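**Q** Below you will find the structure I want to go over with you.
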Amino acid sequence: MPDFNIVLAPGDIDNGIVNTVVEIPQGSRLKVEWDRQRAAFMLDRVEPAIFAKPCNYGFIPQTLDEDGDELDTLIVCPEPLATGVWLEAKIIGVMKFIDDGEVDDKIVVVPMDNRDDDRVQSLGDMPQLVKQLEHHFTHYKDLKKPGKTVVSGWGDVDEAKQVIRDCIERWSSQK
C-alpha cells in the first residue's frame, strides 16, 4: 500500500538543487496559485495578455516567504511546463522583489537535466531574460494599481540558497 504521508521536500539546497512545483506555464496569463489549505491549485485571476509570464512560475514546497506564501521560483526552460508538474532544478540566482510592501523573492532555476542546452549556470548567462523578468515584474500590476511592485536587485546562487534556508526555517517554525 502506498504511503500517503510522503511529502515533496524542498530539495538539496547545499548542493544547489531544489524541487519546484509549476503553478503557471510560460506564456500563460492565468494567475494560478497553490492553495495549501485545500491542497489544490486555484485560478486567482486572468491577467491582461501583455503580461503573460515570460517563463514558467512555481514554488518550492515546505518553504514560507515573508509574504506568507511558499517561496516562488522562476523556471527557465525551453518549453512551457504544465501546472502541477514538479521538477528538480538547479539554483542560478534570486530576484529580490517587493510586492505591496512585502518581500516576495523569486528563486531563478533551470531544470537539472536539460540535454538540449545546459549552458545556463548563472544569471549572467541570460542577460536579456533578466531584463525581461525585471520589466515584467516591475510593471505587471500597472493596469490595476501602479507603482506597487519593485525589483530591488538580483543575487547570486549563494544569496539564493540563504533565502531558501530562511524560508525553510520560517515554514518549520509555523508548523
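**Q** With Cα Rg over 2.2 N^0.38 Å as the read-out, I listed (i) 1.07; (ii) 1.34; (iii) 0.99; which label goes with the value calculated from this structure?
**A** Recomputing Cα Rg over 2.2 N^0.38 Å here picks out (iii).
**Q** Related question: Along segment 127-138, what does the Karplus equation 6.51 cos²θ - 1.76 cosθ + 1.60 (θ = phi - 60°) give for ³J(HN,Hα), rounded to whole Hz, x for Gly and Pro?
**A** Listing the rounded values in order: x, 5, 5, 4, 4, 5, 5, 4, 5, 4, 6, 6 Hz.
**Q** Order by neighbour count: Glu70, Glu102, fewest other Cβ atoms within 10 Å first, most last.
**A** The most exposed by this proxy come first: Glu102, Glu70.
**Q** What order, most packed first, do the peptides 10-18, 103-111, 120-128 have when packing is the mean number of other Cβ atoms within 10 Å of each residue?
**A** 103-111, 10-18, 120-128
**Q** Can you give the charge dipole size of segment 13-174 about its Cα centre, rounded to the nearest 20 debye, using +1 on the beta carbon of Lys and Arg and -1 on the beta carbon of Asp and Glu?
**A** Numbers: 19 positive and 31 negative charges, 104 e Å.
With Lys and Arg at +1 and Asp and Glu at -1, about 500 debye.
**Q** Still on this structure: For a quick check: sort Thr63, Thr138, Thr83, Thr20 by the number of other beta carbons within 10 angstrom, fewest at the front.
**A** Listing Thr63, Thr138, Thr83, Thr20 from fewest to most nearby Cβ atoms yields Thr138, Thr83, Thr63, Thr20.
Every number here is computed from the coordinates shown, using simple stated rules; none is lab data. Keep in mind that this is a model prediction, so the values were computed, not measured. Heads up, the Cβs are rebuilt from the backbone with ideal geometry, glycines too, and the neighbour counts pull from every protein chain shown.
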